[in-house]
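Visitor: Quick one: this structure, given as structure tokens, is what I'll be asking you about.
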Amino acid sequence: MPSILITGVSSGIGRACANLYVTRGWVVIGTVRDASKRPEGLDVRVGLELLDLSVRGSATALAERVLAGSGCPDVLLSNAGFVQFGAIEDVSAEEFERIYQVNLFAQLELIRGLLPAMRTRRSGVLANVTSLGGTMTFPFFGAYNSTKWAFEGVSEGLWHELKPFGVRVKAIEPGFVETAIWRKALPGARADSPVTELGGSDAYRPFLREMLRFEAGITDRTTPEAAAEQIARAIADEGDRLRYPVAAYARPIVTARRWLGGQSMMRFFHRRWMGSDSG
Ligand SMILES: NC(=O)c1ccc[n+]([C@@H]2O[C@H](COP(=O)([O-])OP(=O)(O)OC[C@H]3O[C@@H](n4cnc5c(N)ncnc54)[C@H](OP(=O)(O)O)[C@@H]3O)[C@@H](O)[C@H]2O)c1
């Protein structure tokens, strides 16, 4: 039976992917941070492993456990991650370090842990969940988006380096998926919150609210289950394609940028997001 290791199966996209793959008869190992309770809604057939990406060495230890136990999975779906919200000026050095640790360095640890086995076996898929925000940057998501740009760059590098060894690399770029990730990043913040309650420094708050209004106005979000179907299709693609925009808005935005050019797209979104075109 084919096997897949998925990070972050407690909720959202990771949980939906885990459920999808077990129903298709795959052996699925999923990672969680809290071993005290099984994630709600997660199929009982999903095997669980502990992983806290904020702890250095945790991903290496997981790779060793998996290799020693069930052996190298056919697919590693590097999905776990979180969003840090705020103006770049307001995000502290410690917060930057933390998000790079979780969204990039720990992902690399896990990939490095499993890669030699895939390379030697000359098969396997590294599916890296980046983001539409790994190809463009949203104001107040700069810290988060930059980790995803970095993961995109790493994915492209891996694509070149592993192609001769038969290991396929897929960068999964979700647009908008209805999960808890935004609520976790913006606890209590709403588009109609008084501007003083939005956090961050005074200068940015009016723009921050514009951005929240924009965010609240997004009604078209893909369900995690539908996103999982698209991700599974990308993983199953035997070709050498690297990038897969999935879920709401991803493909139209990528296409629009191709036609309009990057700079025009930035100006267009700047007006929508920041409510003005100039300083
Ligand atoms: N939702 C979207 O619209 C969207 C768009 C673009 C990209 N993405 C990307 O998709 C991936 C999945 O996100 P999601 O939307 O499904 O969000 P989610 O429901 O919040 O799921 C994130 C998963 O990552 C885990 N996680 C977070 N920090 C961790 C850490 N330090 N160590 C180990 N696990 C950790 C979470 O575990 P806990 O429950 O323990 O926190 C959870 O299982 C992320 O990489 C995200 O950046 C999502």
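Visitor: Restricting to Cα atoms and excluding each atom paired with itself, what does the Kirkwood estimate give for the stretch 224-279 in Å? Please report the intermediate quantities before stating the final value.
Guide: On the way: mean 1/r = 0.0743 Å⁻¹.
Radius from the Kirkwood sum: 13.5 Å.
Visitor: How big is the C-alpha Rg of the stretch 90-226 next to the rule-of-thumb value 2.2 N^0.38 Å, as a ratio?
Guide: 1.25
Visitor: Okay, moving on. Picking from ALA256, VAL83, PRO164, whose Cα lies most toward the positive end of the charge dipole for the chain (charges on Cβ: Lys, Arg +1; Asp, Glu -1)?
Guide: About the Cα centre, the residue reaching furthest to the positive side is PRO164.
Visitor: Mind ranking 77-87, 202-212, 132-142 by how tightly packed they are, going by the mean number of other C-beta atoms within 10 angstrom, highest first? Intermediate results must be reported in sequence, preceding the final value.
Guide: Values: 77-87: 23.3, 202-212: 17.5, 132-142: 20.9.
Averaged packing, sorted descending, gives the order 77-87, 132-142, 202-212.
Visitor: Relative contact order for the chain using alpha-carbon pairs under 8 Å, separation at least 6, rounded to a whole percent?
Guide: Numbers: 474 pairs, mean separation 49.5, N = 279.
Computed value for the chain: 18 percent relative contact order.
Visitor: Follow-up question, since we're still on this one. Once phi is turned into ³J(HN,Hα) by the Karplus curve 6.51 cos²θ - 1.76 cosθ + 1.60 with θ = phi - 60°, what whole-Hz value does each residue of the stretch 209-219 show in order, with x for glycine and proline?
Guide: So the J values, rounded to whole Hz, are 5, 4, 5, 5, 4, 4, 4, 5, x, 7, 9.
Visitor: Right, here's the next one. Could you give the size of the charge dipole of the chain about its Cα centre, using +1 on the Cβ of each K and R and -1 on the Cβ of each D and E, expressed in debye and rounded to the nearest 20? Can you show the working numbers first?
Guide: Numbers: 33 positive and 30 negative charges, 130 e Å.
Approximately 620 debye in magnitude.
Visitor: If the limit is 25 Å between Cα atoms, which of LYS148/LYS170; LYS37/LYS148; LYS37/LYS170 go over it? Present the calculation step by step, with values, prior to reporting the outcome.
Guide: Details: LYS148/LYS170 14 Å; LYS37/LYS148 30 Å; LYS37/LYS170 31 Å.
Pairs exceeding 25 Å: LYS37/LYS148; LYS37/LYS170.
Visitor: Separate question: Applying a 10 Å radius around every beta-carbon, put 223-231, 118-126 in order of their mean neighbour count, most first. Don't jump to the answer; show the numbers that get you there.
Guide: Working: 223-231: 20.4, 118-126: 17.3.
Packing proxy ranking, top to bottom: 223-231, 118-126.
Visitor: What translational diffusion coefficient, to the nearest whole µm²/s, does the chain have by Stokes-Einstein, given a Kirkwood radius computed over alpha-carbon pairs, a temperature of 4 °C and 1.567 mPa s viscosity? Don't skip to the end; give the middle numbers.
Guide: Values: Rh = 19.5 Å.
For the chosen part, D equals 66 µm²/s.
Visitor: At a Förster distance of 25 Å, what's the computed FRET efficiency of THR23 paired with SER70, Cβ-Cβ distance as r, to 0.05? Don't jump to the answer; show the numbers that get you there.
Guide: Numbers: r = 19 Å, r/R0 = 0.77.
Once the sixth-power term is evaluated, E becomes 0.85.
Visitor: For the chain, build the charge dipole from Cβ charges (+1 Lys, Arg; -1 Asp, Glu) around the Cα centre, then report which of GLN107, SER155, SER11 sits farthest towards its positive end.
Guide: So the residue we want is SER155.
Visitor: Against the longest principal axis of the chain, how steep is helix 262-274, in degrees 0 to 90 to the nearest 10, with axes from Cα atoms?
Guide: Its long axis makes an angle of about 60 degrees.
Visitor: Also, I was wondering about something else. What is the distance in Å between the Cα centres of the stretch 203-231 and the stretch 6-46?
Guide: Measuring centre to centre over Cα atoms gives 24 Å.
Visitor: What does the extension gain come out to for ARG258 and PHE82, with contour length at 0.36 nm per residue minus their alpha carbon separation?
Guide: 60.6 nm
Visitor: Kindly write out, for the stretch 82-90 in residue order, the coupling ³J(HN,Hα) from the Karplus curve 6.51 cos²θ - 1.76 cosθ + 1.60 (θ = phi - 60°), rounded to whole Hz, with x marking Gly and Pro.
Guide: 9, 9, 10, 9, x, 4, 4, 4, 8
Visitor: Something else about it: At 222 nm, what value in deg cm²/dmol follows for the chain if DSSP H runs of at least 4 each add -39500 (n - 2.57) and the sum is divided by all its residues, to the nearest 500?
Guide: Numbers: 10 runs with 122 residues, N = 279.
Rounded to the nearest 500, the figure is -13500 deg cm²/dmol.
Visitor: Grab the other residues whose beta carbon is less than 13 angstrom from that of GLY239, score K and R as +1, D and E as -1, and report the net.
Guide: On the way: positive: LYS163, ARG168, LYS170, ARG233, ARG241, ARG243; negative: ASP237, GLU238, ASP240.
Charge balance in the 13 Å sphere: +3.
Visitor: Applying 1/(1 + (r/R0)^6) with R0 = 35 Å to the Cβ-Cβ distance of LEU50 and ARG122, what FRET efficiency is obtained, to the nearest 0.05?
Guide: On the way: r = 30 Å, r/R0 = 0.86.
Taking R0 as 35 Å, the efficiency between LEU50 and ARG122 is 0.70.
Read the figures in this text as sums done on the coordinates, not as results from a lab. These numbers were taken from a predicted model, which means no experiment stands behind them. Positions of Cβ are backbone-derived with ideal geometry, glycine not excepted, and every protein chain shown enters the neighbour counts.
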